[in-house]
Amino acid sequence: MDTANLKKEIAEYSKEIGIDKIGFAAADVFGELKERLRRQQELGYQSGFEKGTIEERTEPKRLFPEAKSILSIALAYPSRMKDAPRSTKESCRGVFCRASWGVDYHVVLREKLEKLALFIQEKIPDVETKVMVDTGELSDRAVAERAGIGFSGKNTSIITPEFGSYVYLGELITNIPFIPDEPLADGCGSCTKCLDACPTGALVQGGQLNAQKCLAFQTQTKGFLDDEYRSKIGNFIYGFDTCQVVCPYNKKVDFHVHPEFEPEPEVAKPQLKPMLRISNREFKNTFGHIAGSWRGKKPLQRNALIALAHYKDETAVDEIISVMNDDPRPVIRGTAAWSLGKIGTEEAFAGIQKAMKDEMDEQVLFEMEKGLAFEQETAEI
Ligand code: SF4
């Protein structure tokens, strides 16, 4: 089998089907990553969203015994939104992080990788392949780093020389022994902008992330958000981009090459008030096709309440009071009470006091007390 020629043909075909960058890596054990993951586990730095055991995540042959090579692909996504709607006094808006603009990248990348697998099958009928995008066991980033797609930045993103870190990654494992590409040299040098800018200190040191403190992770949790994080997520209702935005490699990087990834401004920067009472059907119709909907509507509604508090949106008080009174989910009722306290109008405090009389849930009551305590703080100032 002329693997060198096949590699060339795959690279050419990948361009034809809209893959911005492709690299080839050996399917060997990711030894360094294994050590890092063990340390992360010991320190309690994992998010809990990881799939598979550490061995499955670092030994490609456990998933695919015949694995010889892994093809890594990258697709660039936009960093700027044209005609982005702005918040007004009457209608404040939340925002989804850039990686959740446009159609869910899992769907788009999977389709490209499946086309790539078919292309290889036409050339080598008995080839075996396995496609993965983000939710598989393997680390997309470790594969991309080994395949020379980009270097691993101190912010733990893969940074490509062409598209910065605004790339989606996916991979295809095969039993064909392709000649691997060379990894790129580290490009961070003495820069520490991402570490300095992280509002929670989640980037413990260059390349080491405490996922539990990462605001991108926190926006996806379903319980009550710690107060520290509430004050820091601002108007982000899904994900958090700061460690990418400050990176010099992302300066002036803004690729609009895939129509699928173009943000729909009303979806990517939605009005917050209507989100509080959105029905399941409406939620699916409006947000079901974007990556940021994968945890359902509860975390987004909780974050919308926090964003309204961030704006101190007095026009939302009536709506938040009715959510606090009627919503069956304690996390939403409690966060609503906290949000009212933060907004801090007389009506907001009166609403909390009234609702307290009927509230039975202890955590919600605790949040109501916290909400009322803001009245005290305001009075003392
Ligand atoms: Fe590296 Fe600086 Fe970018 Fe962080 S901000 S990933 S340190 S280049």
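A short reminder: the numbers here are calculations on the coordinates, not readings from a lab. Note that the structure is a prediction, hence the values are computed from the model and not measured. Please note: Cβ atoms are built from the backbone with ideal geometry, for glycine as well, and neighbour counts cover all protein chains shown.
Where does each of 255-262, 314-321 land if you order them by average Cβ count within 10 Å, highest first? Write down the numbers at each step before the final one.
Numbers: 255-262: 15.9, 314-321: 19.1.
The peptides rank, most packed first, as 314-321, 255-262.
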So how tilted is helix 105-123 from the main axis of the chain? Cα-based, degrees 0 to 90, rounded to 10. 10 degrees
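Arranged by the count of other C-beta atoms within 10 angstrom, fewest first, what order do Val107, Val167 take?
Numbers: Val107 12, Val167 26.
Ordered by Cβ neighbours within 10 Å, fewest first: Val107, Val167.
Under a Cβ-only charge scheme (Lys and Arg +1, Asp and Glu -1), can you give me the dipole magnitude of segment 1-144 about the Cα centre, in debye to the nearest 20?
Details: 25 positive and 25 negative charges, 149 e Å.
Computed charge dipole of segment 1-144: roughly 720 debye.
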What dipole magnitude, in Debye to the nearest 20, does segment 114-166 give about its Cα centre under +1 on Lys/Arg Cβ and -1 on Asp/Glu Cβ? 220 debye
With the chain treated as a Gaussian network of Cα nodes joined by springs under 10 Å, which of Asp140, Asp196, Asp313 yields the largest mean-square fluctuation? Asp196
Return one number: the angle in degrees, 0 to 90 and rounded to the nearest 10, between the long axis of the Cα atoms of helix 362-380 and the longest principal axis of the Cα atoms of the chain. 70 degrees
Viscosity 1.306 mPa s, temperature 10 °C: give me the Stokes-Einstein translational D for segment 17-109 in µm²/s, with Rh taken as the Kirkwood radius over C-alpha pairs. 92 µm²/s
Expressed in angstrom and rounded, the centroid-to-centroid distance over alpha carbons for segment 122-157 and segment 201-224 is 23 Å
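Nearest 20 debye, what's the magnitude of the dipole of the chain about its Cα centre given +1 on Lys and Arg Cβ and -1 on Asp and Glu Cβ?
Working: 50 positive and 59 negative charges, 56 e Å.
Roughly 260 debye, rounded to the nearest 20.
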Using only Cα atoms and rounding to the nearest 10 degrees, what angle (0 to 90) does helix 3-16 make with the longest principal axis of the chain? 40 degrees
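Taking other Cβ within 10 Å of each residue's Cβ, how do Tyr105, Tyr311 sort, fewest first?
On the way: Tyr105 24, Tyr311 19.
The fewest-first ordering by Cβ neighbours comes to Tyr311, Tyr105.
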Of Pro125, Pro265, Pro274, which has the largest mean-square fluctuation in a 10 Å C-alpha GNM of the chain? Pro125
Divide by every residue of the chain the summed helix terms, -39500 (n - 2.57) for each DSSP H run of at least 4, and state the resulting mean residue ellipticity at 222 nm, rounded to the nearest 500 deg cm²/dmol. -12000 deg cm²/dmol
Fluctuation leader among Tyr238, Tyr166, Tyr13 - the chain, Gaussian network, Cα springs under 10 angstrom: Tyr13
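Among Met275, Met324, what is the fewest-to-most ranking by other Cβ atoms within 10 Å?
The most exposed by this proxy come first: Met275, Met324.
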Consider a paramagnetic label point 7 Å from the Cα of Glu111 along Cα→Cβ; state which residues of segment 61-80 have an amide N under 17 Å from it. 74-78
Taking +1 at the Cβ of each Lys and Arg and -1 at the Cβ of each Asp and Glu, which of Asn303, Asn325, Gly351 sits farthest along the dipole of segment 294-381 towards its positive end, judged by Cα position relative to the Cα centre? Asn303
If a cysteine in the chain has no other Cys Cβ under 4.7 Å from its own Cβ, put it on the list, ordered by number. Cys92, Cys97, Cys188, Cys191, Cys198, Cys214, Cys247
Summed side-chain charge close to Arg39 - residues other than Arg39 whose Cβ falls under 15 Å, Lys, Arg +1, Asp, Glu -1: 0
